[in-house]
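Okay, structure first, notes after.
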Amino acid sequence: MTTKDDSDEMLGYSILKSRKLIKAILSMSDDIPTSNSSETKRNIVIIGGGIIGVCAAYYLAKALWEKNVDISESGTTITILEANDIASGASGKAGGFLAKDWHSRESASLGRLSFELHTSLAQSLGGKDVYGYRRVSSFGGVVDVEDLSSGVGKQSNLEDQKQDEGINTHIVNVPRATPTRTHPSALDTPIELDLPTWIRAADSFPLVADEETTAQVHPYLFTQVLFKECLKLGVRYAQGHALKWNRDGGLLGIISPDVSANSGMETKKTLSATTLIIAAGPWSGRVANELLEIDIPMTYLPGHSIILQPPTPGQGPAHSVFVEIRQLARSLNNKEAVHENITQTPEIFFRPDGTIYVAGENTGPPLPDGTKEVNDIIDPESIAKLQRSIQLLGVQGEQIQKQLCYRPLTRRRIPIIGKLGKEVYIATGHGPWGISLGPGTGKILSELVLDEPNSLSADIFGLEPRAHGVAVKE
Ligand SMILES: Cc1cc2nc3c(=O)[nH]c(=O)nc-3n(C[C@H](O)[C@H](O)[C@H](O)COP(=O)(O)OP(=O)(O)OC[C@H]3O[C@@H](n4cnc5c(N)ncnc54)[C@H](O)[C@@H]3O)c2cc1C
């Protein structure tokens, strides 16, 4: 491997340098902001170009514009440093389900803030058209494998099960918490589900949340659209892998493909960084350890998913459906355990582009070194399990995509957001909720980095590094 040192100027970054150009793009009529003397010049580097990193860059840049701070080479810089591509990890492969109030006690306030921000972003960025934002109704129910395989398509709700003799399995009429997601209880009034007839099993699932509190986006498109907004606001983009940080000199060592030489060889370069934000998803623990020698109690949860193109074109219904497929005692007496060969808790998201996203197979190989390697390790059996479960449910469609991604998890299973030390911040561990909680997390980070800890837009007390047992190094 060839290495050479280089300066910022030589990096192949997509940098929007010209303030005039930014002004033109934003169609602003007022004067271009000049440096505000109360804001010292900072070079803020966000490690990770997933939804969390991109949301942080967006809200930081917006806040600086509002404060009239110069975001440019000669002023404050904000750079997203991404090892592969924007939204190449879980942020590009998630379901995109958003919920206002399905969150833990510690992240409840962040959940409400994020839901509001998603709503206002969709209004200002045309989210309905450009990234498939829409409010959805959400349904959940338990279905019996035997009913499904016999084609009856009967829903096993509580009343049905009470009447079934010989069933002593404990079953409720709304799904239990899946390994990754907690549902609220069913709303009082079950409503008929406006699903295509080919979903035989889900014709009268209880409503667990309505359009007031649940929504969806296409997560890859959302992150890409917001990233483009960041560039318009003057945020810079660097492709490379964070290696080490020199606190004194404020330099971040990176390795990136040597684009200029077109040799595929890697080149060591440096990037000015007075302030770091670690938002590297499931790799955040490694980054914190390598750069700062701080231990973050982190793990990850893999998830396979598939995308289907149904035979009938048109918009999918605005519904999210959470199914729990069980094989009741009656079935097990006579038959092989079918439920072991299927995904038992498929999550089905109909998208406005007519495709159907299905996840819920939360197994997979250990976390690879980066997002580039993920496609090579997709497990065919996990994909087959997803396929078998939706076939059983009667969902038709040609599989057009198979995916694997990794949720970042902390040991406490709630996000870690806050200051790790002087000029160092972290935001990760969003588990199954990073798309939902992304905007609020970005806004809070911008408030923390711009030193507004007393007027945070959400209560994150229980999410701060100290609450996770991480010692903050001042
Ligand atoms: C199957 C599945 C379905 C999901 N569905 C939903 C859903 O419906 N709703 C919801 O709210 N959430 C959902 N999630 C969770 C959500 O996808 C994640 O919580 C979220 O994407 C995490 O975002 P992130 O930015 O923290 O991490 P990531 O998206 O993983 O981004 C981290 C980035 O950091 C980069 N990086 C890593 N190391 C370095 C380094 N050293 N230097 C530079 N860059 C680096 C990586 O290349 C990557 O691009 C789902 C997750 C899975 C797996």
request  = Consider PRO453 carefully, then state whether it is within 14 Å of the ligand (Cβ to nearest atom) and either in contact (Cβ under 8 Å) with a residue 24 or more places away in the chain or assigned by TED's automatic domain parsing to the domain that holds LEU117 (or both).
outcome  = no
task = Considering each of ILE435, ILE444, ILE426 in turn, give the residue that is part of a helix (DSSP H, G or I), under 30 Å from ASN375 (Cβ atoms) and assigned by TED's automatic domain parsing to the domain that holds GLN224.
result = ILE435
request  = Please note which strands (runs of 3 or more DSSP E) are completely contained in the range 68-144 and include at least 3 residues that are assigned by TED's automatic domain parsing to the domain that holds THR270 and within 10 Å of the ligand (Cβ to nearest atom).
outcome  = 77-82, 97-99
ask   = On the given criteria, is ALA61 in contact with a helix residue (DSSP H, G or I) (Cβ under 7 Å, 6 or more places away or on another chain), more than 16 Å from the ligand (Cβ to nearest atom) and not in a loop (DSSP other than H, G, I, E, B)?
value = yes
key: Of all residues in the range 145-154 being more than 24 Å from GLY354 (Cα to Cα) and assigned to a loop (DSSP other than H, G, I, E, B), the one that is modelled with the highest pLDDT   = SER150
task = Check whether at least one residue in the range 379-394 is touching a residue at least 12 places away in the same chain (Cβ under 8 Å), surrounded by 18 or more Cβ atoms within 10 Å (Cβ to Cβ) and within 11 Å of the ligand (Cβ to nearest atom), and report yes or no.
result = yes
query = Before we move on, is TYR220 under 24 Å from the mean Cα position of the chain (by Cα), within 13 Å of the ligand (Cβ to nearest atom), at pLDDT 90 or above and over 26 Å from GLY431 (Cβ atoms)?
reply = no
task = Might you check whether a residue that is under 18 Å from the mean Cα position of the chain (by Cα), more than 13 Å from the ligand (Cβ to nearest atom) and within 23 Å of ASP101 (Cβ to Cβ) occurs anywhere in the range 427-445?
result = yes
request  = Only one of these is under 25 Å from GLN123 (Cβ atoms) and of a type outside the set (Gly, Ala, Ser): ILE416, ILE435. Name it.
outcome  = ILE435
Test: residue in the range 360-367 that is aliphatic (A, V, I, L, M), assigned to a loop (DSSP other than H, G, I, E, B) and in contact (Cβ under 8 Å) with a residue 12 or more places away in the chain = yes
message = Any residue at all in the range 429-452 that's of a type outside the set (A, V, I, L, M) and modelled with pLDDT under 95?
response = yes
request  = With the condition kept exactly as written, say whether any residue in the range 33-44 is over 30 Å from THR371 (Cα atoms), in a loop (DSSP other than H, G, I, E, B) and at pLDDT 90 or above.
outcome  = no
note = Wholly inside the range 251-299, strands (runs of 3 or more DSSP E) that include 1 or more residues that are away from the ligand (no atom under 13 Å from the Cβ), modelled with pLDDT of 95 or more and not assigned by TED's automatic domain parsing to the domain that holds ARG236 are none
request  = Give the residues of the range 449-474 that are of a type in the set (Lys, Arg) and part of a helix (DSSP H, G or I), sorted by residue number.
outcome  = ARG466
note = Taking the range 325-375 and keeping residues at pLDDT 85 or above, more than 21 Å from the chain's Cα centre (by Cα) and surrounded by fewer than 22 Cβ atoms within 10 Å (Cβ to Cβ) leaves ASN341, GLN344, GLY354
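The values are calculated or read from the model by the stated rules, or taken from the named source; none is laboratory data. Please read all numbers here as calculations on a predicted model, not as lab measurements. No Cβ is skipped: glycine too gets one built from the backbone with ideal geometry, and neighbour counts run over all protein chains shown.
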